[in-house]
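**Student:** Would you mind keeping the following structure in view while I ask a few things?
The values are calculated or read from the model by the stated rules, or taken from the named source; none is laboratory data. None of these values were measured; they are calculated from a predicted model. Virtual Cβ from ideal backbone geometry, glycine too; neighbours counted across all protein chains shown.
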Amino acid sequence: MKKYHQPRAIFLLLAFLFISVFTACRKDFKFEQSITNLQISEQNILLPPVLNYSNTYTYLLKVYNSGNEDIEIPSIYLRKKQNSYYRINVDGRAGYEFNNVPLRAKDSLTIFLSIAAEKPSTDLYRDQIVFQDLKQTKEINLLTMIAKAKYYQPEKGQESLFLTQNTTFYKDMYHVISGNLVIAENAKLIIEAGTKVLFYEDGMLTAAPNASLEINGNLTQPVVFKTYKNESKYDTIPSQWKGIHMERNSRLAMNYAEIIGAENAINIAQGANAVIKNTKISNSGLNAIEAENAQIKAVNLVINNALQKGVFLKNGGDYEFSFCSIANFWNTGTWGAGENLPLYASNYFKEVRNPLTLKINNTILYGNASNGIQLDLNQGVAQNIRVRNTLIKNENPSELDLSTSIFSEIITENPNFKNVSFFSADLSLNEDSPALGKANPADVPASPLTIEGKERATPPNLGAY
């Protein structure tokens, strides 16, 4: 019978050992209730503007126990408690108030912070994270601007929302688009200077046939199109929203706009007409401008980085680019290599062929592709192409012969832009740039100012600067 008692004896022995060890270890869990040695990473936290009735992303902050003893923080809470727009998560728990939070010596505590905004406010919205023991308190000041926003979203089950009347977007609020916002046929949308138009991932702005889009930015108050994630770090990420689509026979007048992180920034359909001035397009997931048998006149246009092409012109059309800086250094960023082609033009698409008129002057076409421009021409179709006073990369002459009558006054050196990265692009020219002073002075009266609003140099520089 003894063999049946042996497991029971082992079990009792193990239980005794567990209780002994647990009791011994409990001596390590004696924490002093104090915040004296509590150090805070940031005393004042200013979060980026948040739109009314929306949530921000989560931010991280740390507090440190600089002492040699383990402590227990008696209380951590938001000053406004449950009435606060802020939300905190402490030690894996979400809430407004936390008691007896342990923190080891020389260790840190992570607090996650977000804000769920409601009504907009003309002043900064404020609250505090308070750390308290029996003798003292320490605070972190929280500040956020809650900006007024108007939301445009299709009805449930619908893909598009239509603006059937002439409409103006004013700068006194953000305009936030989810799904496809369509300027209805024969209607007009005007966007005034300083307005910010934000988009969700599926967001796009479309001008229906015979509709008009007029963007009236200025030097100090451009109109900005970008993701609804209203923080500068997201500006470096391509394809965060769909883009601006101009359908057949629609009209686009764009001055001083910035289009950031779209998929196809501007898509211009057959018969549409676009005048684009003093505009910057950056970090496009496919093409910055795509057009099919359309009309475009661009002056002081700056394009930086597109996975496929900076400018993609197909199936003919009538195009003129003057004093433009078009650079495509896609794979210098973190998103991998693409075509990196600054400009492509053809007079056909699939089985359809149309005449092509293309005039490029006083412009820079440069990037990671071996050549700055690709002309894909069906010789049986009429064409009128002239490229003059322009810097064009030309590392593959067998694909691009710059000695033909199409080209005149061409240089091929590296333009030496100040910065071509995703993160802080600046396509102005360094002091040793070969593009300085190479533009045609006869073209200055038609475009006397650079994109920075300065008088052009004498002699003028190639590109928008």
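**Student:** Could you please give the count of residues in region 366-422 that are under 15 Å from Leu436 (Cα atoms), in contact (Cβ under 8 Å) with a residue 24 or more places away in the chain and outside any strand (DSSP E or B)?
**Tutor:** So the answer is 2.
**Student:** Output the residues belonging to region 213-237 that are in a loop (DSSP other than H, G, I, E, B) and not aliphatic (A, V, I, L, M).
**Tutor:** Gly217, Asn218, Thr220, Gln221, Pro222, Tyr228, Lys229, Asn230, Glu231
**Student:** For Tyr366, which of the numbered conditions (1) touching a Gly at 6+ places or on another chain (Cβ under 9 Å); (2) surrounded by fewer than 16 Cβ atoms within 10 Å (Cβ to Cβ) fails to hold?
**Tutor:** For Tyr366, the failing item is (2).
**Student:** Another question, then. May I ask you to list the residues in region 69-83 that are of a type outside the set (Phe, Trp, Tyr) and surrounded by fewer than 20 Cβ atoms within 10 Å (Cβ to Cβ)?
**Tutor:** Filtering region 69-83 for residues of a type outside the set (Phe, Trp, Tyr) gives 69-76, 78-83.
Result: Glu69, Asp70, Glu72, Pro74, Ser75, Arg79, Lys80, Lys81, Gln82, Asn83.
**Student:** So, one more: Within region 186-195, is there a residue that is touching a residue at least 40 places away in the same chain (Cβ under 8 Å) and either touching a helix residue (DSSP H, G or I) at 6+ places or on another chain (Cβ under 6 Å) or of a type outside the set (S, T, N, Q) (or both)?
**Tutor:** So far as region 186-195 goes, yes, one or more of its residues are touching a residue at least 40 places away in the same chain (Cβ under 8 Å) and either touching a helix residue (DSSP H, G or I) at 6+ places or on another chain (Cβ under 6 Å) or of a type outside the set (S, T, N, Q) (or both).
For (1) touching a Pro at 6+ places or on another chain (Cβ under 6 Å); (2) farther than 22 Å from Asp426 by Cβ; (3) assigned by the TED database to the domain that holds Leu163, each residue gets a yes or a no:
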site	(1), (2), (3)
Leu219	no, no, yes
Tyr228	no, yes, yes
Tyr256	yes, no, yes
Glu263	no, yes, yes
Asn273	no, yes, yes
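**Student:** Hey, another quick one. Among the residues of region 286-310, count how many are under 23 Å from Lys350 (Cβ atoms) and not aliphatic (A, V, I, L, M).
**Tutor:** Result for region 286-310: 8.
**Student:** Can you give me the ranges of the strands (runs of 3 or more DSSP E) entirely in region 267-352 with at least 3 residues that are of a type in the set (Gly, Ala, Ser) and crowded, with 24+ Cβ neighbours inside 10 Å? Explain how you work it out, then say what you get.
**Tutor:** On the way: elements: 273-284, 287-306, 309-322, 325-328, 341-346.
The strands (runs of 3 or more DSSP E) meeting that bar are 287-306, 309-322.
**Student:** Among (1) in a strand (DSSP E or B); (2) touching a residue at least 24 places away in the same chain (Cβ under 8 Å), there is one condition Lys438 misses while meeting the rest; what is its number?
**Tutor:** Of (1) in a strand (DSSP E or B); (2) touching a residue at least 24 places away in the same chain (Cβ under 8 Å), only one is false for Lys438: (1).
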